[in-house]
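The values are calculated or read from the model by the stated rules, or taken from the named source; none is laboratory data. Keep in mind it's a predicted model, so treat the numbers as computed, not measured. Cβ coordinates were reconstructed from backbone atoms using ideal geometry, including for glycine residues, and neighbour counts include every protein chain displayed.
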Amino acid sequence: MKKKLAGSVNRLPAKPLNAKPIRNRKTMAGKKPPAPPQKPTFREDPGFAQAVQNYEAAVKAMQEHKFDRAKTLLEKILAAGNRELMDRARVHLNLCNQQLAGAATTFKTHEEHFDYAVSLLNGGQFDQARTHMEKILKSNPKADFAYYGMAVVDCLTGQVESSLKNLGESIRLNPQNRFQARNDSDFQNMADDPRFTELLYPEPTDLPPSTADQRKR
């Protein structure tokens, strides 16, 4: 005799077998990263082409020390608002303003003028530094410190003969410059030149009487 099942069996819904998401064009395509913006070409943006020409002309003008013209060209680039060149144009414009301000600077004393020339020298602007040293000597031919500065500029630019001449004149006007030059690394290019050594370490007979007397003491 068969037994009856006690009550009905509660069946759980069947578990789907590895159900996979339905694919369609949207899900298969996915999201693509936005394409990077393309730089405008000369043909597409005539304004960009003009800005590039102005920038190149400005750089050339700065190399020729025509800072007024370079400033005008750089200001045009900034006014046009081209993002590709604005940062570089702004940097060059600041340099132009500095150069123009320096050219118009007046100095109360020769020493103050000399300090400005040294700042140009330290910045690697040798031609400008030499020009200011020459201006000092033109107004004060006995400025030994200006001759010394000229000697440094000449040495750093490879003009050995001129450097020795200016250094010698500086020492003649102020013998203390001899001792300063001995410890000045700016004269390193002439360290092996016997004329430089003779200038800094002369024989007692070659020294002026006052200096020779000091050595004997």
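Listed values, structure above:
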{"quantity": "Hits in segment 148-163 - residues which are surrounded by fewer than 16 Cβ atoms within 10 Å (Cβ to Cβ) and acidic (Asp, Glu)", "calculated": "GLU161"}
{"quantity": "When residues of segment 47-65 are limited to those that are loosely packed, with under 15 Cβ neighbours inside 10 Å and not aliphatic (A, V, I, L, M), the one farthest from ALA117 (Cα to Cα)", "calculated": "GLY47"}
{"quantity": "Complete set of residues in segment 175-204 that are of a type in the set (Ser, Thr, Tyr) and either in a loop (DSSP other than H, G, I, E, B) or not assigned by TED's automatic domain parsing to the domain that holds THR157 (or both)", "calculated": "TYR201"}
{"quantity": "Test: ARG90 is at pLDDT 80 or above and on the phi < 0 side of the Ramachandran plot", "calculated": "yes"}
{"quantity": "Scan of segment 164-174 for residues that are assigned to a helix (DSSP H, G or I) and surrounded by 15 or more Cβ atoms within 10 Å (Cβ to Cβ), ordered by number", "calculated": "LEU164, LYS165, ASN166, LEU167, GLY168, GLU169, SER170, ILE171, LEU173"}
